[in-house]
1. Taking each residue in B:87-94, count the Cβ atoms of any other chain within 10 Å of its Cβ, then average. What number comes out?
2. At 0.36 nm per residue, minus the direct Cα-Cα distance, what do residue B:186 and residue B:115 gain on full extension? Give it in nm, one decimal, please.
3. What is the average number of partner chain Cβ atoms found within 10 Å of a Cβ in B:122-132?
4. Report the relative contact order of chain A, percent, no decimals, based on alpha-carbon pairs under 8 angstrom and at least 6 residues apart.
5. Before rounding to the nearest 500, sum -39500 (n - 2.57) across all DSSP H runs of length at least 4 in chain A and divide by the residue total; then give [θ] at 222 nm in deg cm²/dmol.
6. What ranking, highest mean first, results for peptides A:433-444, A:499-510 when packing means the other Cβ atoms within 10 Å averaged over each residue?
7. By average Cβ neighbour count within 10 Å, what is the ranking of A:136-148, A:603-615 from highest down?
8. In region A:155-172, whose amide N lies under 14 Å from the spot 7 Å out along Cα-to-Cβ of residue A:77? List them in ranges.
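What follows draws every value from the coordinates through simple rules; no lab data is involved. These numbers were taken from a predicted model, which means no experiment stands behind them. Cβ atoms come from the backbone with ideal geometry, glycine included; neighbour counts cover every protein chain shown.
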Ligand code: SF4
Ligand code: SF4
């Protein structure tokens, strides 16, 4: 669509994306040009003027929320690096996609941290994995890999030590299957390459200085340590990486003044397996079960975001059928059930963190077990559901949730599926939410412990690209199901949960409201399932192919997951480079980006509150570290 | 009043505590006994109180769609014509759709003609790597690979036990139909026969050539066959096994490295040839 050439003044008021693009192109023709590549959208900004244009986008056009910032390596496809930014308005609507390109060898792009602080971790990730320098970034250090890692692994020409082939399926599997154990190729000691100039002694160095100096805390450990230890009252405390209290192998380094935290730096990457590189070797289909392993508490939501992104791309081509209504209804049901699972889990373990050890969480886990039973019967697995497919699903609901005794001592269950669901949605889950509220909402200890702690202001929440309950707990009514609706959400009746205080208690309240809203949605899904009984979950009645045709282009599919906005940025090279594998596969992980304001939220609080604040953000390390 | 919220919460905890004993009383303190047929109720939506399962004295039988490490289907031993034969035709699709690439297949060749035969010579799955996604079973066009329900696979030495070879992977068709009766039935409806696709095709061909002579007796063992829509097409073929049977021979998975290498080289050559043909 081409908007009429209007006076730039008038176009500022234009609320459409096209209007915004036209405004930018006409206001700054020297710096901005539309991205006219096949299947691409948005604008390309000259790297030199990026900062200026970003300010215009935020201040003049009102795109106050930077959802995602990520890099793409176009080796052999133009031989440049590209940063891709997706900016949104918190009032709702689509994305303004803007890109900046740079040379591969001397990759440098101005940092946008001064415009959106939410770009902080994402730019560090792009530096770490792609080797793009961000001029003006306050602390441009590696974030997922360690300092001293050789190379930038997401670059297309980087290869791991046990490299097998660029793309799956690998040649050695068939017809002359050549079996080997993967350890044979991945020998300990030979699986890491060090840069030539690295001092290996430094990696072995266990002195405090080496451990803490790269964190950018601005603390001179030597100065603190070299006295008798008690001379100064500033202290560096290392928390983690230990599982229960930090929700996974996650580490925080804080400086404390007495009991009060003065600064905090999250340290992550212990669970990093370069999910995105694996994803680019995989075929489109292969990636679905891999997304299960991101936020393993709500794998249904992960599946949903990914299939939405790929379906966006597929819909550009011919021979693509929209999912049927029944399929959409089932998807929404599964996603809402996993939101319930996620919030029960989040609240339960947050309580653990602030000292209500395991009694409440076990009440919630009982409910979760029933939902997982249902997932297991429908999708085949409790947590790694692998349920959604491009244009469809793995399978419709089974008639009965039924088992057959197979092992010794096996006990058998047999329920009618719809009856099971109805009882769950109408009785069990609401009852549990009531109990949860009775137990907690008015509980004086909980209130004293959580009110006014870990405050994130409204403006900070937006500027830090916070998402999910963290954003809505700070007074921003931004829920993707409403702001940029997908699937059948537009026709469903539900409210966006929002609280203004921005503290731990507000986030708890948001989660409780969302639990109730999810039940409300599920109650609307049940009659829809009854009405579509017998309808196929596939548009043409038969399952999709294992190698779907994905045309050239880019897509950003995002969903409101339990933990916040989960986005998948996918670039397809179309037929040029083997259409079965994505050229770029990026996950905008809410657990990762929500940690950006962690330092701000913890400032001035006591050490004992830190774990609680972390729990109230609700992260999963499988997704943080990817 | 300050503290009421706390007190209410404690009352709830107390109620949960009491409820945890209600079932014991209801089942006369025989809650976990084999004779009480209460497992479905205890684990259902209506239950309150303790839902713990006393593993391994009790185990939750897994639902039909449960997926855990694939196995290969072979024909039942008492099958009249194809006893013990693989359903797998070594088409390679499962190896392609497997996300972590843990399936290795050696396609079988006729020793005389060198032409591929529809049966794998060897089949390996590294279950350390298998992510139990179920794609292999989902996309196999011959229903020859299925996800198992036996999750008790712990072993003392993973290096020797965790690459399953064809022998270890093979389980009879009747096993699949016993652990997942509904799914097996649905698959039969899609295939149109309880038999293997190819066998059914052969049978149709055999029946066509034998038209006019006495009708073949339906030698099916399944009672359900009667309800199969394509039951008519299921007359077993008597003479279609010649090529396939000749592939039975030495066990390739116990061969030495040199032989495997040799076979692999040949396979790759064939592959290159095919690729070259396609390129023209
Ligand atoms: S997809 Fe089925 S028939 Fe083909 S090789 Fe795999 S198991 Fe055999
Ligand atoms: S279940 Fe998935 S990972 Fe395992 S062998 Fe089959 S396709 Fe491969």
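1. Neighbouring Cβ atoms belonging to other protein chains average 2 per residue here.
2. Separation in residues times 0.36 nm, less the Cα-Cα distance, equals 22.2 nm.
3. The per-residue average across the peptide is 3.
4. Reported as a whole number, the value is 16 percent.
5. Rounded to the nearest 500, it is -10500 deg cm²/dmol.
6. A:499-510, A:433-444
7. A:603-615, A:136-148
8. A:155-157
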